[in-house]
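To start, the structure under review is shown below, and the notes come after it.
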């Protein structure tokens, strides 16, 4: 008997050191990732509110946030006003009680008091690393395979959701640790005979889970039922001691939690926080599909290694671990069904798979069984390659996302995941292939009442059911009615719109602008609203224009009001129509320069469109075009801005290949033809450039126009050479 015990002791020692190594490695990784995330995106979503509750507990020793909002105690980690209070309404005495559960703030409050947001981040990094370590220990206890331990730890620890949420101030990390530890205590392979102290801690964990979030109450109920197996006393142990140790902690936590819920929420229903929910089978099945497959908030697009869970469960079943598998299923199924019953299954503005982060780590054991089976049996080369490829893809996607987490992982719920827009070449639209379960609309909305404006005021709109809009009247000052609708747009084709109501006016009432903000702002779209041809309407209408974004760009959508009409703005919004493509720059056979839609092709050196065409201004101007690869004849109808004693010259080049210089000797309109050789034409978007001998402002001759005018462009004709 001594040999087996020695072997087991050595195996336990190896499992301990493997778990400790995983804990240290992932703790260091998570601290680095958390530091990077705090530096590049700071805190967003619900995170500032959790920290503000922790601040109130640490410094005021209460959960009333009224004074904390008034004194802006959040400014150290969120240096801008928090939008909305996230508060439970109708509290006595003007108190502000957060809608968020207080379990996480209670845990992080001491660390917040010591080191602020960094203390909270480091604590949650340690919690997530400890969760991975427990997973590693569980896998080793079941498989005795260090390779399986390493692969399972990488799958759980370096992928979505564990890696992103290790750096986030959310309760899921703590819930995952408790669930993994409690399941390990129920597992006779890991803990053949739990001690009385472990049973007391298990009971306290059951009671504490709902304090983290009410959605974890279902996990508490399931784990409480499983824990009844602890009530069988050991030989020589009194039954009352077991019952007391198991029953008292959970009853104390549960009673306090129920009292708190009823006092502040008035309900034990999850709908008090998470909005509408329903038990319709169709709704639940759709939302389960979304939780797993949605390209913005689902699990599998970001961590395809979890596709191996089902084969792992089959291996686990065949290995005779059916009770362990049943316990895993009993935890997963009710919780996923609960989350899928909610309207907000995607968990709001957050990283992917937020609601699944609390239960995904329990999948380490079936994954470990599969990895052990693949690695320790012969003729499994293809399986090994597939496993490594899926794990590498999962870790790679997660790290790629966390390099720029604010853009790549915090999605807009518009059906186009930013990570996959960034991952592929701009001509390839992976988002058109991946599933999307858009909850509302693919349009990204910016309510005007929530935007900043230089002019106008926020008023209720009777036509919109009393919804607030921004309004300016005829004769008011000109200025920006709304600005600050900032987004990072991937390359692609977009529709940019304003939902507005414009009164009768003969002149232009306003202008939608898309601007690239910076030290020198660049306007890339201008859309006139109102004017002599528009007519008046008492209804709100969508006024739209297409926008091409050739490269990933931060933009600010704005609306300028002229003050020459009664003008009400409900929303600024945009919608992605498709991927970037060279075809978006394909020109027709006849190109009138008077067409405002020609703006998409124009680079620097152009004025706005006029009824006859448009002026080229400055020393040169350019166009972005896509042509078929053939010898092409370009014919321009142009005329020079006349300057006495000077002769205008037009030098034309295509992709820096000179096509010749042409003298424009008379002021009348004239044709200029050049041949663009096939060899100069690329397969993407090319640059057609015009350079001029002079550019002169009419203001020098006593006029009011200060533009440096060079050549007037009326029309271009493009045809293949015969």
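Miscellaneous remarks
- Of residues in segment 502-519 being part of a loop (DSSP other than H, G, I, E, B) and at pLDDT 80 or above, the one farthest from residue 599 (Cα to Cα): 518
- Qualifying residue in segment 283-304 (condition: closer than 30 Å to residue 94 by Cα and either assigned by TED's automatic domain parsing to the domain that holds residue 34 or assigned to a helix (DSSP H, G or I) (or both)): no
- Index of the failed condition, residue 65 passing every other in (1) closer than 18 Å to residue 212 by Cα; (2) touching a helix residue (DSSP H, G or I) at 6+ places or on another chain (Cβ under 7 Å); (3) surrounded by 15 or more Cβ atoms within 10 Å (Cβ to Cβ); (4) without any contact (Cβ under 8 Å) to a residue 60 or more places away in the chain: (1)
- Looking at segment 541-620, the strands (runs of 3 or more DSSP E) lying wholly inside it that each contain 1 or more residues that are in contact with a helix residue (DSSP H, G or I) (Cβ under 6 Å, 6 or more places away or on another chain) and in contact (Cβ under 8 Å) with a residue 40 or more places away in the chain sit at 541-549, 567-579.
- When residues in segment 425-434 are screened for being assigned to a loop (DSSP other than H, G, I, E, B) and surrounded by 15 or more Cβ atoms within 10 Å (Cβ to Cβ), 4 of them pass.
- All strands (runs of 3 or more DSSP E) inside segment 649-722 with 1 or more residues being free of Cβ contacts under 8 Å to residues at least 60 places away in the same chain and within 45 Å of the chain's Cα centre (by Cα): 657-664, 670-676
- The numbered conditions (1) in contact with a helix residue (DSSP H, G or I) (Cβ under 7 Å, 6 or more places away or on another chain); (2) surrounded by fewer than 19 Cβ atoms within 10 Å (Cβ to Cβ); (3) modelled with pLDDT of 95 or more are all true for residue 209 except (2).
- Contact map, segment 500-515: residues that are closer than 23 Å to residue 600 by Cβ paired with residues that are at pLDDT below 75 and not in a strand (DSSP E or B), Cβ distance under 6 Å, separation 6+ or inter-chain. Pairs shown: 508/531.
- Any hit, segment 624-640, residues being touching a residue at least 60 places away in the same chain (Cβ under 8 Å), in a loop (DSSP other than H, G, I, E, B), out of contact with any helix residue (DSSP H, G or I) (no Cβ under 8 Å at 6 or more places or on another chain) and surrounded by fewer than 14 Cβ atoms within 10 Å (Cβ to Cβ): yes
- Qualifying residue in segment 171-187 (condition: part of a loop (DSSP other than H, G, I, E, B), touching a helix residue (DSSP H, G or I) at 6+ places or on another chain (Cβ under 9 Å) and under 23 Å from residue 239 (Cα atoms)): yes
- Scanning segment 462-479 for residues that are surrounded by fewer than 19 Cβ atoms within 10 Å (Cβ to Cβ) and either touching a residue at least 60 places away in the same chain (Cβ under 8 Å) or over 31 Å from the mean Cα position of the chain (by Cα) (or both) turns up 462, 463, 464, 467, 473, 474, 475, 477, 478, 479.
- Selection count where residues are crowded, with 21+ Cβ neighbours inside 10 Å and over 29 Å from residue 258 (Cβ atoms), scope segment 101-118: 1
- In summary, residue 398 fulfils each of the numbered conditions (1) under 18 Å from the mean Cα position of the chain (by Cα); (2) farther than 19 Å from residue 157 by Cα with the single exception of condition (2).
- Checked against the criteria, residue 77 does not count as part of a loop (DSSP other than H, G, I, E, B) and in contact (Cβ under 8 Å) with a residue 60 or more places away in the chain.
The values are calculated or read from the model by the stated rules, or taken from the named source; none is laboratory data. These figures come from a predicted structure and were not determined experimentally. So basically every Cβ, Gly included, is an ideal-geometry build from the backbone, and we count neighbours across all protein chains shown.
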